């Protein structure tokens with residue numbers, strides 16, 4: 001059987017002007033991941049990343065630690081959903097019930113817990129199909145995009161191949177929804193627990209795909225440094 005390793009990007013720049021940049025800690029997480037894969041003796045046949053900067057940079061930092069790594073391939077199918085666009089489109093509809101929401105979103109660096117509560121509320125509305133907007137990719141389109149990327153990998157793969165996919169938490173949740181048949185809201189809820197640079201392993205054979213492990217982050221735990229375990 002072959003394996004597809006779904007790897008979440010390292011810590012991004014939460015609260016900064018450009019979220020799509022790895023923080024110094026995110027770079028370190030990616031290096032730790034790569035060193036761990038090298039220690040395991042994992043030989044990758046393909047390495048794929050979404051086109052977002054945080055995904056590509058995580059892949060590049062990790063692959064630098066491997067003695068032999070394939071050339072990085074870019075596939076936007078594994079990009080995260082447009083969180084900023086979702087907030088922009090859906091936030092006005094909740095202001096009547098959440099009058100402080102705009103202030104919270106304007107200063108998320110100092111309102112982590114309240115931001116997370118509001119973000120979950122908005123993603124639940126987005127996934128449920130509320131307030132569809134032409135400017136915003138719907139859950140169904142996002143799901144089809146991610147599933148199409150996975151299908152292309154499986155259709156192209158040879159038996160026994162080892163393939164790394166550097167992606168994001170929402171994309172991993174979407175693929176778990178497709179693979180396990182989980183209700184969409186439960187899959188999205190799982191995404192909040194996905195650790196930066198964690199590994200979720202899919203096994204594939206004869207076109208069939210199954211989940212082998214979820215959210216593995218032993219490579220971070222072994223360092224006994226709690227600051228390495230992050231969720232943004």
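Derivation of every value follows stated rules applied to the coordinates shown; laboratory data play no part. All of these numbers come straight from a predicted model, not from anything done at the bench. Reconstructed Cβ throughout: ideal geometry from the backbone, glycine too, with neighbour counts over all protein chains shown.
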Tell me, in nm to one decimal, what length is gained between residue 205 and residue 192 on full extension, where the rule is 0.36 nm per residue of separation less the Cα-Cα distance?
-> 1.8 nm
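Counting only Cα atoms, I'd like the Rg/Rh figure for region 1-86, Kirkwood definition for Rh. Before the final figure, lay out each step's value.
Working: Rg = 13.3 Å, Rh = 13.5 Å.
Radius of gyration over Kirkwood radius for region 1-86 works out to 0.99.
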Translational D in µm²/s for the chain (Stokes-Einstein at 10 °C, 1.306 mPa s, Kirkwood Rh from C-alpha pairs) = 87 µm²/s
Sorted largest first, the C-alpha extents of region 44-83 along its principal axes in whole angstrom are 36, 16, 10
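What is the calculated FRET efficiency for residue 125 to residue 74, with r their C-beta to C-beta distance and R₀ = 30 Å, to the nearest 0.05? Walk me through the intermediate numbers first.
Values: r = 31 Å, r/R0 = 1.03.
The calculated FRET efficiency here is 0.45.
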For the chain, what's the relative contact order in percent, using C-alpha pairs closer than 8 Å and at least 6 residues apart?
-> 31 percent
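Rg/Rh for region 71-154 to two decimals, with Rh computed the Kirkwood way over all alpha-carbon pairs. Provide the component values of the computation, followed by the final result.
Details: Rg = 15.2 Å, Rh = 14.3 Å.
Over the Cα atoms of region 71-154, Rg/Rh equals 1.06.
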Could you work out how far apart the two model spin labels at residue 232 and residue 156 are, taking each label as a point 7 Å from the Cα in the direction of the beta carbon, and quote it in nm?
-> 3.5 nm
Full extension between residue 117 and residue 88 adds, at 0.36 nm per residue less the Cα distance, a length in nm of 8.8 nm
So if we plug the beta-carbon distance of residue 18 and residue 221 into 1/(1 + (r/R0)^6) with R0 = 45 Å, what FRET efficiency do we get, rounded to 0.05?
-> 0.95
Quick P(r) readout (region 130-232; Cα-Cα; 5 Å bins; whole %) gives 2, 11, 20, 21, 19, 13, 9, 4, 1, 0
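For region 1-106, what does the relative contact order come out to in percent, with C-alpha contacts under 8 Å and a separation of six or more?
Numbers: 122 pairs, mean separation 24.0, N = 106.
Once normalised by length, the contact order is 23 percent.
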With label points built 7 Å along Cα→Cβ from the Cα atoms of residue 25 and residue 51, find their separation and express it in nm.
-> 3.0 nm
